[in-house]
Amino acid sequence: MSFEYAPAPESRDIVDIKPSYGLFVDGEFVEAKNTFKTIDPATEETLAEVAEADADDVDRAVAAARRAYDTVWGPMPGAERAKYLFRIARLIQERSRELAVLESIDNGKPIRESRDVDLPLVAAHFFYYAGWADKLPYAGFGPDPRPLGVAGQVIPWNFPLLMLAWKVAPALACGNTVVLKPAETTPLTALAFAEICAQAELPPGVVNILTGAGETGRALVEHPGIDKVAFTGSTEVGRQIARSVAGTDKRLTLELGGKAANIVFDDAPLDQAVEGIVNGIFFNQGHVCCAGSRLLVQESVVDGLLDRLKARMATLRVGDPLDKNTDVGAINSAAQLAKIRELSDSGEAEGATRWSPPCELPERGFWFAPTVFTGVAASHRIAREEIFGPVLSVLTFRTPAEAVEKANNTPYGLSAGIWTDKGSRILWMAERLRAGVVWANTFNKFDPASPFGGYKESGFGREGGRHGLEAYLR
Ligand code: NDP
């Protein structure tokens, strides 16, 4: 049975988007020579003009971060640093509704997700790492672990504020200062975070935010004045960064793409598995590096499972990100939409069968209906390449050994899911899957205390948990 829902729009009034934004350097907003526009991907309406940092701006920001590191933040006792981090965490909570609305407007993700997932996790990360700041000598990295210095951090557009939190919170807790570049299409919540740093009276230069495109990111990671590069984004750019950092004494962590297997055995609770499959690939429009984009189903249950999955997909509401009933929002950019279309077309051309529920997409903005491909072969591009959209590829297997073989048959290794009634089978599988995170009878669960990161082309280094401190300590 399907229900009609009346619109339930969240009000935009809580956010005050300025016509233009500068760069946040040394505790102040400053102008840049060039600017670019950021748009609302659900309407294509221009939201603001944003400063584009060039090499000189990167220089100034790195110099400010170095000064703050040498004179204030590096020498400050951990217990004092913790107070600032707790203050930032509380301000994020206080402003969480505003930040959630802003994130949904700039990114296109449903308000239900930005409000109930992104923002609570952002605050939780700052609270969690605030708690570590005065306990570093007990974290298992020696009696007196030292910070690295200035961290250059580059983040993507899929979880703009959450990726900022993953990077900034552990760096600051360990005594580093940061220069962070948000993605070109989603700069607004990072700029709101800059305001929060000022509101928390964080000493100038400890956090610097440089908006811009790939060139700004390149100038930052290549700058000789930084000690550490932390990057989340595509494997291709990750490779370029690894090459540019090679031979320097910069430390590097890379969190790159994925093509995760979500594996359903014949003894799994199928209705529950369907919820996990939907969450795994349609959460955040599938713009998730650990998305369960390859569904591996045991052959004997594939027909029953697909019937249930299609029935469930038909209930997904696609549309206005600010409507509280929306399940799938807008694709973040025209470029990403073109990539999803191209890969989906290749799926059909290579012989897989495409299905989407009937759904009316808005005329303006960037949209893609939830899509499932059956009859997928391991050699198809849609089984190998990261689509980063609401597109699921279904493959089958007969034995657990075959499931492991197929799941690991990818250059990536970020995450995996297992659905089965047997605890022993979960452990047997988890031991054999080459994936940084393995979820059992659930998917896409995140916690600041739990480390996250990949094998192989999904990158190296861990973010989150005690492990996440290691990337920011000498
Ligand atoms: P990118 O890797 O290009 O972008 C990630 C960040 O790096 C952005 O801030 C980007 O800036 C910046 N950047 C781009 N080029 C350079 C460079 N040479 N040096 C330093 N920084 C740079 O990802 P895209 O946005 O282009 O997405 C492409 C594909 O990558 C997606 O379709 C998806 O498959 C994958 N991806 C994976 C993510 C993950 O979490 N694993 C996240 C995002 C994308 P700018 O925004 O201005 O380009």
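The values are calculated or read from the model by the stated rules, or taken from the named source; none is laboratory data. Just so it is clear, the structure is predicted and the values come from calculations on it, not from any experiment. FYI the Cβ positions are ideal-geometry reconstructions off the backbone, even for glycines, and counts take in every protein chain you see.
Could you identify the single residue in Trp132, Trp157 that is over 27 Å from Ser20 (Cα atoms), surrounded by fewer than 24 Cβ atoms within 10 Å (Cβ to Cβ) and touching a residue at least 60 places away in the same chain (Cβ under 8 Å)?
After applying the criteria, what remains is Trp132.
Report the residue count in region 338-366 for those that are outside any loop (DSSP other than H, G, I, E, B) and hydrophobic (A, V, I, L, M, F, W, C). Walk me through it before giving the result.
Step one: list which residues in region 338-366 are outside any loop (DSSP other than H, G, I, E, B), which gives 338-349, 353-355.
Among the residues that remain, those that are also hydrophobic (A, V, I, L, M, F, W, C) are: 338, 340, 343, 349, 355.
The total comes to 5.
Exactly one of (1) without any contact (Cβ under 8 Å) to a residue 24 or more places away in the chain; (2) of a type in the set (D, E, K, R); (3) outside any loop (DSSP other than H, G, I, E, B) is unmet by Arg66. Its number?
Against the list (1) without any contact (Cβ under 8 Å) to a residue 24 or more places away in the chain; (2) of a type in the set (D, E, K, R); (3) outside any loop (DSSP other than H, G, I, E, B), Arg66 comes up short only on (1).
Among what's in region 257-272 and is at pLDDT 95 or above and within 23 Å of the chain's Cα centre (by Cα), pick the residue that is nearest to the ligand (Cβ to nearest atom).
Per the criteria, the residue is Gly258.
Considering only region 127-140, I want to know if a residue exists there that is outside any helix (DSSP H, G or I) and within 16 Å of the ligand (Cβ to nearest atom).
no
Could you list all residues from region 230-256 that are in contact with a Leu (Cβ under 8 Å, 6 or more places away or on another chain), modelled with pLDDT of 95 or more and β-branched (Val, Ile, Thr)?
Thr232, Ile241, Val245
When you check Asp320 against the structure, is it closer than 21 Å to Glu402 by Cα, more than 14 Å from the ligand (Cβ to nearest atom) and touching a residue at least 12 places away in the same chain (Cβ under 8 Å), yes or no?
So Asp320 fails the test.
I need the full set of residues from region 285-311 which are in contact with a Gly (Cβ under 9 Å, 6 or more places away or on another chain) and within 16 Å of the ligand (Cβ to nearest atom), in order please.
Those that are in contact with a Gly (Cβ under 9 Å, 6 or more places away or on another chain) and within 16 Å of the ligand (Cβ to nearest atom): Gln285, Gly286, His287, Val288, Cys289, Cys290, Ala291, Gly292, Ser293.
Determine the pairs where a residue that is touching a residue at least 12 places away in the same chain (Cβ under 8 Å) and small (Gly, Ala, Ser), located within region 215-227, has a partner that is in a helix (DSSP H, G or I) and within 8 Å of the ligand (Cβ to nearest atom) with Cβ atoms under 9 Å apart, the partner being 6 or more residues away or on another chain.
Close Cβ pairs satisfying both conditions: Gly217/Val237; Gly217/Ile241.
Considering every residue within region 232-246, establish whether at least one is under 25 Å from Thr71 (Cα atoms) and either over 17 Å from the mean Cα position of the chain (by Cα) or in contact (Cβ under 8 Å) with a residue 24 or more places away in the chain (or both).
Here is the first cut: in region 232-246, the ones under 25 Å from Thr71 (Cα atoms) are none.
No: region 232-246 contains no residue that is under 25 Å from Thr71 (Cα atoms) and either over 17 Å from the mean Cα position of the chain (by Cα) or in contact (Cβ under 8 Å) with a residue 24 or more places away in the chain (or both).
Within the group Gly304, Gly276, which residue is surrounded by fewer than 16 Cβ atoms within 10 Å (Cβ to Cβ), touching a residue at least 12 places away in the same chain (Cβ under 8 Å) and among the small types (Gly, Ala, Ser)?
Gly304
From the residues in region 180-203 that are within 16 Å of the chain's Cα centre (by Cα) and in a loop (DSSP other than H, G, I, E, B), which one is nearest to Lys18 (Cα to Cα)?
Pro187
From Ala314, Ala291, Ala335, which residue is surrounded by 15 or more Cβ atoms within 10 Å (Cβ to Cβ) and of a type in the set (A, V, I, L, M, F, W, C)?
Ala291
For region 456-474, which positions are touching a residue at least 40 places away in the same chain (Cβ under 8 Å) and on the phi > 0 side of the Ramachandran plot?
Listed by number, the residues that qualify are Lys456, Gly459, Gly461, Gly464.
Go through region 237-249 and count every residue that is within 16 Å of the ligand (Cβ to nearest atom) and part of a loop (DSSP other than H, G, I, E, B).
Residues that pass the stated criteria total 2.
Restricting the search to region 204-226, which residues are part of a loop (DSSP other than H, G, I, E, B), surrounded by 18 or more Cβ atoms within 10 Å (Cβ to Cβ) and in contact with a Phe, Trp or Tyr (Cβ under 9 Å, 6 or more places away or on another chain)?
Of everything in region 204-226, those that are part of a loop (DSSP other than H, G, I, E, B), surrounded by 18 or more Cβ atoms within 10 Å (Cβ to Cβ) and in contact with a Phe, Trp or Tyr (Cβ under 9 Å, 6 or more places away or on another chain) turn out to be Gly205, Val206, Leu210, Thr211, Gly212.
For region 372-412, what are the residues that are more than 16 Å from the ligand (Cβ to nearest atom) and surrounded by 21 or more Cβ atoms within 10 Å (Cβ to Cβ)? Quick ask: steps written out before the conclusion?
As a first pass, look at region 372-412 and keep what is more than 16 Å from the ligand (Cβ to nearest atom): 372-380, 394-409.
Val372, Phe373, Val376, Val394, Leu395, Phe397, Ala403, Val404, Ala407 - these are the residues of region 372-412 that are more than 16 Å from the ligand (Cβ to nearest atom) and surrounded by 21 or more Cβ atoms within 10 Å (Cβ to Cβ).
All but one of (1) within 22 Å of the chain's Cα centre (by Cα); (2) crowded, with 21+ Cβ neighbours inside 10 Å; (3) more than 26 Å from Gly257 (Cα to Cα) hold for Phe127; which doesn't?
(2)
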